[in-house]
Ligand SMILES: Cc1cc2nc3c(=O)[nH]c(=O)nc-3n(C[C@H](O)[C@H](O)[C@H](O)COP(=O)(O)OP(=O)(O)OC[C@H]3O[C@@H](n4cnc5c(N)ncnc54)[C@H](O)[C@@H]3O)c2cc1C
């Protein structure tokens, strides 16, 4: 491996090189570069899966269970088959009968069928699929499929599901417990005995829908060559490739997955979905392309969603605010299937210890099957729940101890090179500086009008998850950089841009390393037949992991190129040469240089036209269990509470955060604002209302997302850090930013009007009820006084 | 979506003829912001869609000495933006129009469409009732006038029979010292349906101390918009002070009939009726004050 940092940074100055300094020495990084795919997207010319049509294509629709729990007695498709225009119908009988899951080594975690054969387990579970000449016809055919169900009692709440005698969602899971996780260090019981003050609180974290602009959609085309090509809106073309191949009994190499521009993911397009499976099944039956696009309602009811969690927290502190011990007990609503829910269960336990130094810590989490839509990955993946509960409780602890919220956080804050016992090593960490920045911000806001309050919450998040999904021992990323004769560079990466800006980030890293411009790089993504395998877009991994792979591939290509230039410029060794802004030059004497384009031309023409190809990879081998790096931040939200209606208005938000070297400031701001929007929705309004397991508001009229006029002004307080593990010192700015908001808002509401809402969302109704209760309680002592005097 | 025949009459007469022939299987299309959705989601499957948008004679707004006339094609966005309407005594319509949906929806939606759809949470029905609006209805050999309030039979149900078209709304002039306002409570600042929508018309004596007449209309808390008649009579002829307003608001709560649904519990909606009535009465008084100047 080449030491790709050699030309920029030496070992010694790496330690104190801050983001600001790094920014000065870069020609591409740190610049406000518009998204490389932005023009297509804003002009509507980007072609998403939902926009595509293929010659001879059919349209598919999926029949879903109306019951939350039922046995399938019989499926009769005759009437539907006779409908003119219907070309094929598939049911569970047409599958291999395998069960899908992401942990393929653990049979009981593979629990989801393509089409249910014996039992349906939630309202929306797929039972049959139809391909027809158009969508209307397919829809009509669904109504003609006769399914006889024996309706079974369902269980829709995890607490009920764990009771003895509760209906069994899956036979193998005793008391419906799907998975349990335990994390522990220190001596928790002993530490509580030494605490001056202990608080115990319960919280509830609600679910949330991903609400992607593009619903789940797939076109599958199986040819007479027995090979399958799939165009799909997803977060990892590689996962789709291997899981589809496995479920359909095809060789991985015979499944080609193409991911056109993707209209949002947020974790929702990480698990495979019924459009991918059913369109493939239908296409394999017909040897014609079949397209299935979920309706908005299906997207709501029949994909996956954020995991609802019941939290019990016990926190112990010394008088001075030093946190000695924390005990966390969590029960999560798993829904009908495992999905990637085991990871949420683990991460919520791990991140409940963030971003503080707990010497003693214990976590026990249970994921419980219920007859509801499955719960799985969603931006933050268990951490927003952890931070809402933890950051609410720490404010309560501070108040009990008579310490202000900033001080208690500062006293316990993680710092650089801190080890989370047995779990993780934190390298760069700018949390203390973030706390300072937010303290200043609060002072600057000055005294607030009545019913206004500012709440703060701190967070930390992983920068590249290391999870062994689908038999991969480690997460990995790879890239190829090809330099063409005219100096244009082709960058091949399996990284996935679902709108978060990964394409631009990776192009910038490639251009920076090669000393060329952003528009010299042509990006090739989203096709398993041309891109290196990659695990995709999750765990806030792209900037760090794919960034490192791209940087290494570019450095490899650069080294090959410089070998040709060295004959002309005659340095001592090739590392004494570099490229910046299209000039190949001596590092020691930048004024001596020649054109990059000339060097490329000579190098390729003089070598019988062989292109220059650089390869790069990254794996966090031996870099901890969870992530090779962590980002940190503190958010302050000012709210105004209408005490008549209980409505919480967002007035202003400031986020002090650090994500190592900032690759692209506009990309970062976009992520920050997007994350705030999503997390504020989680905190205040977004709610999947359910009755007997059925989602009652599967549409954007009644499932409310915040809109632009509801969003407050937002301020970014950038704190410089440098992450030695990241490309050019960069780390994530993706999911972490969704973590602090719910806690900050709940704390702000408390500071504004004195009511503490412990279950999400902080709806007007809950605030109003709490205000009334508070009123009653404040009246009571007076009454007593009157009575006794 | 089902196939259907699309027809585009250019006069009221022609529309009536087509509608008569089409009968129950035909539907009228104005802005289409309701009808197209109903059709898309399979709630309506008309054989014929009669597009009214090309009937020029129905596209008008006329402010007169004796009141206001709104043609059936007058758009919600027109009402929101019309300077003469905003400056008039009927400016509650501009304000209420501005709370409906989004700019895109308002550009298409008509006020009459809002009335004919008869949604319990419609934003323009309460202010129209408060203003005493009447609809002119034409059908096969029928020509009648009905108060908007009398038109409403239930959620999505009006007195309109197949073949009948609302051609315009007429609103009588308001006496002096009258203020009218609308208050919509909803979770979001835009593009949202009312959890509660309240319109109040208030007429006072010349020094604003006594209430002469009052109309209080509650939206989204019953199958149709409801007149809070007890609350109204409580105010009528009484002095207007804070206690009085409070009492009227509390009385209105008892007259509301909200249900628990995904947009809010009945408990919360009742609470909000009180808040909204209180605020709307205050705003209406403010309108009187402004009018006095
Ligand atoms: C995204 C969105 C948001 C919305 N938000 C709101 C909101 O906040 N508040 C609110 O009140 N509404 C809202 N609506 C509903 C809708 O926009 C309004 O009810 C609108 O005023 C309907 O007018 P239209 O011209 O589009 O009606 P259309 O859809 O054309 O017609 C509605 C009904 O009235 C009938 N009709 C229309 N014209 C006549 C006529 N002249 N005579 C007899 N019958 C007639 C039609 O046959 C149909 O049954 C929203 C709709 C959408 C799509």
key: Alpha-carbon centroid distance for the pair segment A:685-757 / segment A:76-139, whole angstrom   = 36
request  = Could you work out the mean projected area of the convex hull around the alpha carbons of segment B:178-292, in square nanometres to one decimal?
outcome  = 6.8
ask   = Put a dot 7 Å past each Cα toward the Cβ at residue A:54 and residue A:297; how far apart are the dots in nm?
value = 2.8
query = For segment B:117-256, what value does the Rg/Rh ratio take when both radii are computed over Cα atoms and Rh is the Kirkwood radius, given to two decimals?
reply = 1.01
task = Please work out the Cα convex hull volume for segment A:339-495 and give it in Å³ per residue.
result = 237
remark   = Ranked by GNM mean-square fluctuation in chain B (Cα springs under 10 Å), the top entry among B:80, B:38, B:247 is B:38
request  = Quick one: among B:276, B:252, B:266, which has the greatest mean-square fluctuation in a GNM of chain B with alpha-carbon springs under 10 angstrom?
outcome  = B:266
query = When only Cα pairs under 8 Å and 6 or more residues apart are kept, what is the percent relative contact order across segment B:56-172?
reply = 27
request  = Grab the eigenvalues of the alpha-carbon gyration tensor for segment A:338-386, scale each by 5, take roots, and send me the semi-axes largest first in whole angstrom.
outcome  = 23, 12, 7
Segment A:174-200 and segment A:201-267: distance between their alpha carbon centers, rounded to Å = 38
ask   = Given a Förster radius of 41 Å and the C-beta distance between residue A:617 and residue A:43 as r, what FRET efficiency does 1/(1 + (r/R0)^6) yield to the nearest 0.05?
value = 0.70
ask   = Which order do peptides A:502-514, A:476-488, A:134-146, A:634-646 fall in by mean Cβ count within 10 Å, highest first?
value = A:502-514, A:634-646, A:476-488, A:134-146
request  = Pop the C-beta distance of residue B:292 and residue B:64 into the FRET formula with R0 = 25 Å and round what comes out to the nearest 0.05.
outcome  = 0.65
query = On full extension of the chain, what length is gained from residue A:32 through residue A:190, given 0.36 nm per residue of separation minus the C-alpha to C-alpha distance?
reply = 51.7 nm
query = Extension gain residue A:180-residue A:519, at 0.36 nm per residue separation less the Cα-Cα distance, in nm?
reply = 117.1 nm
key: Fraction in percent of alpha-carbon pairs per bin - 10 Å, segment B:56-172   = 14, 51, 31, 4
ask   = Taking other Cβ within 10 Å of each residue's Cβ, how do A:73, A:394 sort, fewest first?
value = A:73, A:394
key: Spacing of the two label points (7 Å from each Cα toward its C-beta) at residue B:88 and residue B:45, in nm   = 4.3
remark   = GNM on chain B, Cα springs under 10 Å; top mean-square fluctuation among B:131, B:70, B:153 goes to B:153
task = Could you compute the FRET efficiency for residue B:242 and residue A:776, with r as their C-beta to C-beta distance and R0 at 30 Å, rounded to 0.05?
result = 0.85
remark   = Taking a crude spin-label model, label points 7 Å out from Cα along the C-beta direction, the residue A:133 to residue A:415 distance in nm is 7.5
task = Take the eigenvalues of the Cα gyration tensor for chain B, scale each by 5, and report the square roots as semi-axes in whole Å, largest first.
result = 33, 21, 16
request  = Working from the alpha-carbon coordinates of segment B:5-51, get Rg over Rh, Rh being the Kirkwood radius.
outcome  = 0.97
task = Shielding by partners for A:131-141, please: the mean number of other protein chain Cβ atoms within 10 Å of each residue's Cβ.
result = 1
inquiry  = Please arrange A:666, B:245 by how many other C-beta atoms lie within 10 Å of their C-beta, fewest to most.
reply    = A:666, B:245
task = Apply the Kirkwood formula to segment A:589-638: the hydrodynamic radius equals the inverse of the mean of 1/r over all pairs of different alpha-carbon atoms; give it in Å with one decimal.
result = 16.5
request  = Could you tell me the distance between the Cα centroids of segment A:39-57 and segment A:534-551, to the nearest Å?
outcome  = 26
query = Taking every residue in A:707-715, how many Cβ atoms of other protein chains lie within 10 Å of its Cβ, on average?
reply = 2
note = Counted neighbours (other Cβ, 10 Å), sorted fewest up, put A:130, B:217 in the order B:217, A:130
Rounded tilt (10° steps) of B:266-292 against the dominant C-alpha axis of chain B = 80
ask   = What per residue convex hull volume, in Å³, do the alpha-carbon atoms of segment A:568-713 yield?
value = 292
request  = Compute the long axis of helix B:242-255 from its Cα atoms, compare it with the longest principal axis of the Cα atoms of chain B, and write down the angle in degrees, 0 to 90, nearest 10.
outcome  = 40
query = Looking only at other chains, what is the average number of their beta-carbon atoms within 10 angstrom of each beta-carbon in B:186-197?
reply = 4
task = Send over the per residue convex hull volume for the protein assembly as shown, Cα only, as a whole number of Å³.
result = 209
note = Note on segment A:713-758: C-alpha Rg/Rh, Kirkwood Rh, two decimals, gives 1.17
note = Taking 0.36 nm per residue of separation between residue B:233 and residue B:6 and subtracting their Cα-Cα distance, the length gained on full extension comes to 76.8 nm
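Every number here is computed from the coordinates shown, using simple stated rules; none is lab data. Since this is a predicted model, take the numbers as computed values, not measurements. Neighbour counts are summed over all protein chains in view; Cβ atoms, including those assigned to glycine, are modelled from backbone coordinates with ideal geometry.
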